[in-house]
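So the structure is just underneath, and the comments pick up after that.
Read the figures in this text as sums done on the coordinates, not as results from a lab. Since the model is a prediction, treat every value here as computed from it, not as a measurement. So basically every Cβ, Gly included, is an ideal-geometry build from the backbone, and we count neighbours across all protein chains shown.
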């Protein structure tokens with residue numbers, strides 16, 4: 001029986017990817033479709049895609065699939081033929097990465113979840129299939145030029161921080177389930193206005209558009225294929241990009257640059273910067289924005305405490321983690337940047353970055 005998980009050390013896998021000579025395509029796709037047995041399908045997909053040497057992060061649920069993948073170019077035709085042979089995914093559209101270097105994932109992960117997008121919705125009368133109207137890049141540009149149009153970013157705060165459409169309402173939230181009620185509250189009393197929504201690849205704003213319609217909004221629209229497809233269409237049709245900055249992506253690249261605009265600043269010194277990094281302390285991995293100067297001075301860490309831990313021998317770091325876990329202490333790890341520590345204030349009392 002094929003091994004259905006990859007347990008090789010991530011550093012070994014990353015080095016293999018770095019040395020790999022083959023070319024890869026970075027793609028994403030999703031589809032809301034009823035899957036009666038996602039666990040069985042999960043195993044089938046893992047075995048087949050492992051044969052094709054595919055990498056990526058794929059979530060399956062009874063409501064459908066959400067996939068971000070890296071596929072070898074020499075296996076692309078086989079991959080598409082196999083995927084389209086499954087009735088659930090026949091002719092599912094692909095969105096291709098802007099940079100196209102393929103160095104996006106270093107192993108294959110296929111997981112079964114309750115939902116492909118955790119939405120926090122428990123209303124049994126909600127029908128996610130009753131979505132809003134799709135808009136092309138051209139149609140989105142035309143709609144956003146009307147000042148009466150409401151523009152909503154359905155991504156997390158750390159995504160909109162580095163790139164967004166002008167005039168967009170960007171919820172101050174860290175998860176999609178937090179954003180939905182914030183958006184509804186923000187738009188209260190404007191149910192008759194035209195609403196246009198966007199997200200990275202379309203999956204979140206598609207469900208959000210159905211939710212707004214469920215809440216009584218009349219004219220709900222969303223960007224077809226998200227920012228990824230928008231960037232492709234802007235290039236294909238020589239359109240003006242109304243999206244500025246970086247499109248945050250959930251893989252090793254972290255971000256795809258759409259325009260040269262820098263909308264954010266280093267979380268440690270305030271210098272204009274839009275480079276997201278994860279703290280080098282393996283027991284922290286805080287996601288934050290760090291400029292090259294601070295990266296050098298802080299050795300890629302978020303605080304002096306993390307610098308100290310990251311500088312210890314690996315075995316010492318492991319002992320600290322084991323000791324903390326044994327005593328029942330919570331992990332220092334954070335999911336994305338939900339803790340949002342004020343790094344500037346922390347560093348004022350510990351280290352001068354001049």
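Numbers for the structure displayed
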| read-out | value |
| --- | --- |
| Relative contact order, percent, region 47-135 [alpha-carbon distance under 8 Å, six or more residues apart] | 39 |
| Relative contact order (%) - region 133-236, alpha-carbon pairs under 8 angstrom, separation at least six | 32 |
| Value of Rg to Rh for the chain (Rh from inverse mean 1/r over Cα pairs, i.e. Kirkwood) | 0.97 |
| Relative contact order of the chain, pairs being alpha-carbon contacts under 8 Å that are 6 or more residues apart, as % | 13 |
| Extension reserve of the residue 312-residue 185 stretch, reckoned as 0.36 nm per residue once the Cα distance is removed | 41.0 nm |
| Estimated Rh, region 22-112: Kirkwood, alpha-carbon pairs, angstrom | 13.1 |
| Choice from 313, 171, 304 with maximal GNM fluctuation in the chain (Cα, 10 Å cutoff) | 313 |
| Inter-probe distance in nm under a simple model that places probes 7 Å from Cα toward Cβ, at residue 13 and residue 34 | 3.4 |
| Surface/4 of the Cα convex hull for region 133-236, nm² | 5.8 |
| Segment residue 122-residue 21, length gained on full extension (0.36 nm per residue, minus Cα span) | 31.6 nm |
| Shape category assigned to region 121-173 from the gyration tensor of Cα positions, a/c cut at 1.5 | oblate |
| Residue 44 paired with residue 114, simple spin-label distance in nm, labels 7 Å along Cα-to-beta-carbon | 2.6 |
| Label zone at residue 239 (point 7 Å along Cα-to-Cβ), backbone N below 12 Å, region 135-169 | 135-145 |
| Rh (Kirkwood; distinct C-alpha pairs) - region 198-306, Å | 16.2 |
| Net length gained if the chain between residue 178 and residue 138 were fully extended (0.36 nm per residue, minus Cα distance) | 11.4 nm |
